[in-house]
Amino acid sequence: MRLTNVAHLRLPFGQLLGYDLAVDSFVDDAPVSFDQARHVGAGDRPGSWMALSFHLDHAVDLVDLETAWLAVVQRHGTLRTVFSPATQGPRLHRVTLRPRGWVEHPIEPGQAVNDALREVLDATCRPYATPSHRLCLLRTADGPTIVVAADHAHVDMWSMLVIARDLLAALDGRSLPAVPPFADHTRALRERPQAPAEIRRRWSEVLGACGGVMPRFPMPLGDLSTLQVERVELRDVLDVDAIAAFAVRAREAGVSTLALVVAAMTEVTRELADTPLRAVFPVHSRYDAQWHDSVGWFITNSVLESPDTDPRACGEAVKEAVQMGSWPLEDVLEPWGGMPDAPGMFAISWLDLRRLPVRVDSTGLQAQYVGAAVLTDGVMLWFILDESGLHLRCRYPDTREARRNVGRWLDALVARLRRWAIEATGGHCHLEGRTYRIERAQREDLPAIVRLLVEDPVAATREFADDPTRYEAGFDRVARDPAQFLAVVRDDTGAVVGTMQLTMQPGVSRGGATRMQVEAVRVEASLRGSGLGSAMLEWAHDHARARGAHLAQLTSDKHREDAHRFYERLGYEPTHVGFKKPL
């Protein structure tokens, strides 16, 4: 899923509509969470919202969309609450809402669509707006784009997925039973026991190391006596192939992907600032499955302190941060009079969409997480990990010093992550005292690959060794397809001694399972029987698992009896009969 900012949002030109709701009556008061009180207590202001946009490939009737949206609002009690200011802090009220219908938001001559949308959301999704959420529809020649947005006090990124999923379900005619509102979670959190002494001690140590305030970015950011215009950087860090290799490296180190990313950040911070990595570290509080389908701000803040670059130590630092954020913060931070914010605050957010129990077809829907444009004095880094790879968005004050120092830090981090992924791409086999490396084939490897294909007596009659252009064109098509991994195996001299082609095949059968198709497995004649073929296939299985595949499959010519026994020894079963037809 693309992670963007409203200033970078890609929207086609069209008619921009918004759906109006108004408070009909106040029901009663609801409890205010610690983070809601901080956020709303900062005052009514623009740019406090988050949004999600997605595209439909078919027209949608306004009445149907209205009905679906009202069903979503009715399902989630959180969307039927509003804040009001009070002397003792903001109050939260449960309300009933009445429909007021669709209105058109004019796009002025020369105005970009995303700027018009920003004006709408800044006006309607403020902390004290009633209600502080908005459904927008952009009608274009290419079909409708839907935008759902809300003030952050009522939602988090997980919640935006829930809202989009439920809206699509309602459009499809499915019913939406009620789920627990966020206010119930706030009540439940207040009933939890106070943090133990060890947690309080660690909070005190980390904040003490930061001068009695929340962690700040470790390099100078310039004059932060006033809020600065933000600069937002969007980077696609690792593609699907690279993140799979990175995950393998993490697994080999005995840690999670997040822990290895933290190790990279720790190294970069040590090298550039000569200090441990310390950052605000948001953690989700959906500690029970009953909250998985609810909408609300199920995020609380912790602190991450990572002084040691060893990945296992970084993994322990992440675990500690999660533990430190698992207790009611209002009580933990009472000695500081609440959360001790300071200019330059540094926060790192991590969201692995692949692990969430809430899923939408982000690729098919062209879905985008959209952040607001704000004035800022801190550095906020968001990581999103999804089926397309690892992405980041970084917001920081647009000063010369911040551009230079945050930019250097980001450049070094991205370079480190990519280098580690490249180093982990492929694998090693150790056989009879020799080392073989499996890696993605390059164009210059084509002659060696063709030689292995032609040397095979069964396949030789269907190859065209005298026409290299055929293979070059085929290689170029394979190289452009992210589902393909054309592998070569190199011996310790760098010579190509094996090859195979792996294709990831997502599907809808078998419950939407992804399969890996294995083709053209070839090993140098002198190395057959050495175990190299088995090692290649075992590596291929790991490659497939890292990409979410649940099944490996292959076809083998019926005359290859030795190959059939080889595959059966590796666990393949001859369950199907294959057919081919020339075209």
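Among the residues of the range 442-463, are any closer than 30 Å to VAL379 by Cβ and open to solvent by 80 Å² or more (accessible area, probe 1.4 Å)?
no
This table checks each residue for (1) within 21 Å of PHE217 (Cβ to Cβ); (2) modelled with pLDDT of 95 or more.
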| site | (1), (2) |
| --- | --- |
| GLY296 | no, yes |
| SER326 | no, no |
| ASP331 | no, no |
| ALA347 | yes, yes |
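Kindly list the number of the only condition in (1) crowded, with 20+ Cβ neighbours inside 10 Å; (2) out of contact with any Phe, Trp or Tyr (no Cβ under 7 Å at 6 or more places or on another chain); (3) over 17 Å from ASP236 (Cβ atoms) that fails for SER362.
Every condition holds for SER362 apart from (3).
Which ones in the range 525-583 are farther than 21 Å from LEU486 by Cβ, open to solvent by 50 Å² or more (accessible area, probe 1.4 Å) and in contact (Cβ under 8 Å) with a residue 40 or more places away in the chain?
Within the range 525-583, HIS550, HIS559 qualify.
Give me a count of the residues in the range 19-36 that are closer than 25 Å to LEU167 by Cα and aromatic (Phe, Trp, Tyr).
Number satisfying all stated conditions: 1.
Looking for whichever is out of contact with any strand residue (DSSP E or B) (no Cβ under 8 Å at 6 or more places or on another chain), among the charged types (D, E, K, R) and at pLDDT 95 or above here; the options are ARG118, ARG94. Which one fits?
Selected residue: ARG118, the only one of ARG118, ARG94 that is out of contact with any strand residue (DSSP E or B) (no Cβ under 8 Å at 6 or more places or on another chain), among the charged types (D, E, K, R) and at pLDDT 95 or above.
Spot the failing condition for ILE163; the list is (1) of a type in the set (Val, Ile, Thr); (2) part of a helix (DSSP H, G or I); (3) open to solvent by 10 Å² or more (accessible area, probe 1.4 Å), and only one is missed.
Unmet condition: (3).
Among the numbered criteria (1) in a loop (DSSP other than H, G, I, E, B); (2) crowded, with 18+ Cβ neighbours inside 10 Å, which single criterion is violated by LEU168?
Checking LEU168 against (1) in a loop (DSSP other than H, G, I, E, B); (2) crowded, with 18+ Cβ neighbours inside 10 Å, the one that fails is (1).
Please give the number of the condition PHE246 fails out of (1) at pLDDT 95 or above; (2) within 20 Å of LEU353 (Cβ to Cβ); (3) among the aromatic types (Phe, Trp, Tyr).
For PHE246, the failing item is (1).
Kindly check whether there is at least one residue in the range 114-129 that is closer than 19 Å to GLN36 by Cβ, assigned to a helix (DSSP H, G or I) and open to solvent by 20 Å² or more (accessible area, probe 1.4 Å).
yes
Within the range 449-479, which residues are among the hydroxyl-bearing types (Ser, Thr, Tyr), closer than 23 Å to ASP557 by Cα and free of Cβ contacts under 8 Å to residues at least 24 places away in the same chain?
Hit for the range 449-479 is THR461, nothing else.
Which condition breaks for ASP61 when tested against (1) more than 17 Å from VAL147 (Cβ to Cβ); (2) touching a residue at least 60 places away in the same chain (Cβ under 8 Å)?
(2)
Residue by residue, here is whether (1) under 25 Å from the mean Cα position of the chain (by Cα); (2) of a type in the set (S, T, N, Q); (3) farther than 30 Å from ARG418 by Cβ; (4) open to solvent by 50 Å² or more (accessible area, probe 1.4 Å) holds:
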{"residue": "ALA197", "(1), (2), (3), (4)": "no, no, yes, yes"}
{"residue": "PRO220", "(1), (2), (3), (4)": "no, no, no, yes"}
{"residue": "GLU230", "(1), (2), (3), (4)": "yes, no, no, no"}
{"residue": "VAL237", "(1), (2), (3), (4)": "yes, no, no, no"}
{"residue": "ALA247", "(1), (2), (3), (4)": "yes, no, no, no"}
{"residue": "ALA250", "(1), (2), (3), (4)": "yes, no, no, no"}
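For GLY427, only one of the following conditions fails: (1) in contact (Cβ under 8 Å) with a residue 40 or more places away in the chain; (2) within 29 Å of VAL280 (Cα to Cα); (3) crowded, with 20+ Cβ neighbours inside 10 Å; (4) of a type outside the set (Lys, Arg). What is its number?
Just one mismatch for GLY427, condition (2).
Can you tell me which residue among THR269, THR275 is over 22 Å from TRP158 (Cα atoms), in contact (Cβ under 8 Å) with a residue 60 or more places away in the chain and over 22 Å from the mean Cα position of the chain (by Cα)?
Just a single option satisfies the conditions, and that option is THR269.
The values are calculated or read from the model by the stated rules, or taken from the named source; none is laboratory data. From a predicted model like this one, the values you see are computed outputs, not experimental measurements. Neighbour counts run over all protein chains shown; Cβ positions are idealised from the backbone, glycine included. For the accessible areas, the whole protein counts, side chains as well, though only heavy atoms, and no ligand, DNA or RNA atoms are used. Shrake-Rupley method; radii C 1.70, N 1.55, O 1.52, S 1.80 Å.
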